[in-house]
Amino acid sequence: MKSFKAFFWNECILHELQTPLAVSINKLELVLENNALSEADLVKIVEAKRSMQRIVNLNKSLTHPFTY
């Protein structure tokens, strides 16, 4: 049972987190292409993107703990 829980956690839950994170990061990148944004808005979007990327990296390290 323990190995199934580990499998479920690694292969299902953590993997499923990657898709919404990737979609969100991509949407932020598209917003960053908008030249009409103020400097303050650009800073906020870049900070949000960096935070999301840190979550992606954490998620990857939990999915594959021995490759990082």
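The values are calculated or read from the model by the stated rules, or taken from the named source; none is laboratory data. In this text, all values refer to a predicted model and were calculated from it rather than measured experimentally. FYI the Cβ positions are ideal-geometry reconstructions off the backbone, even for glycines, and counts take in every protein chain you see.
For the stretch 35-68, filtering for residues that are part of a loop (DSSP other than H, G, I, E, B), of a type outside the set (S, T, Y) and at pLDDT 85 or above leaves 3. Of I25, I13, all but one fail to be in a helix (DSSP H, G or I), modelled with pLDDT under 95 and closer than 14 Å to K60 by Cβ; the exception is I13.
Counting the residues of the stretch 1-39 that are exposed (fewer than 12 other Cβ atoms within 10 Å of the Cβ) and over 19 Å from Q53 (Cβ atoms) gives 15.
Pairs linking a residue in the stretch 32-48 that is of a type in the set (K, R) to a residue that is surrounded by 13 or more Cβ atoms within 10 Å (Cβ to Cβ) and in a helix (DSSP H, G or I), with Cβ atoms under 7 Å and 6 or more positions apart or on different chains, do not occur.
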